[in-house]
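A short worksheet on the structure shown next.
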Amino acid sequence: MDARDFAANKTKWYESFDENKMEIEVILYDEEDEEEVVSFPARFAICDLCQGKGSHVNPSIDSHGITMYEFYDDPEFAEEYLHGSYDVSCYECKGNRVIPEINEDEVNNICLNRDNYSLQKKLYLFKKQRYELARSDYECAQEREYELKMGGCW
């Protein structure tokens, strides 16, 4: 399972992002599965997938690894590969080199200044829900890959 393929198929984790206000809106679910839209302060972070380059090698080229023998047998391919001929715009940041994230330091400052910790509680619940969803998505992707290897189809 290649992170690039996984990034290409996942949906945004936030509902909206306002770059002017630097706010991210997310949907939070309570115990009764009722939705609540919550706004958090945002900041930009360097994209983990492309390490801030804005592009990466197309996973169809090297997602299952490339050996030195492939480079040795085809020096033209090696040169093209190393010079970025097979690069595509990053699937995560769409070439922007940065991605929005919740500014947890600002959340903590807001809560301390207002002596109201409900925003921190909401952040904790959102992170927990996001973790559970990511784990479920990963398990489904593993199962899909296993089925494909066993000759099944999706």
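Computed values, structure above
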| item | result |
| --- | --- |
| Failed condition for residue 39, given (1) within 15 Å of the chain's Cα centre (by Cα); (2) closer than 30 Å to residue 128 by Cβ | (1) |
| Among residues of segment 20-47, those that are in contact with a strand residue (DSSP E or B) (Cβ under 8 Å, 6 or more places away or on another chain) and not in a strand (DSSP E or B), counted | 3 |
| Total residues in segment 28-68, condition among the hydroxyl-bearing types (Ser, Thr, Tyr), touching a residue at least 60 places away in the same chain (Cβ under 8 Å) and surrounded by 14 or more Cβ atoms within 10 Å (Cβ to Cβ) | 1 |
| Residue in segment 114-137 that is more than 24 Å from residue 49 (Cα to Cα), of a type in the set (Lys, Arg) and in contact (Cβ under 8 Å) with a residue 12 or more places away in the chain present | yes |
| Segment 66-93: number of residues that are aromatic (Phe, Trp, Tyr) and touching a strand residue (DSSP E or B) at 6+ places or on another chain (Cβ under 8 Å) | 3 |
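So that you can scan it fast, the table gives a plain yes or no per residue for (1) of a type in the set (Phe, Trp, Tyr); (2) in a helix (DSSP H, G or I); (3) at pLDDT below 95; (4) surrounded by 13 or more Cβ atoms within 10 Å (Cβ to Cβ):
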site	(1), (2), (3), (4)
100	no, no, no, yes
111	no, yes, yes, yes
122	no, yes, yes, yes
132	no, yes, yes, no
136	no, yes, yes, no
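The values are calculated or read from the model by the stated rules, or taken from the named source; none is laboratory data. Source: prediction; values computed, not measured. Ideal geometry is used to build each Cβ from the backbone, glycine not excepted, and the neighbour counts take in all protein chains shown.
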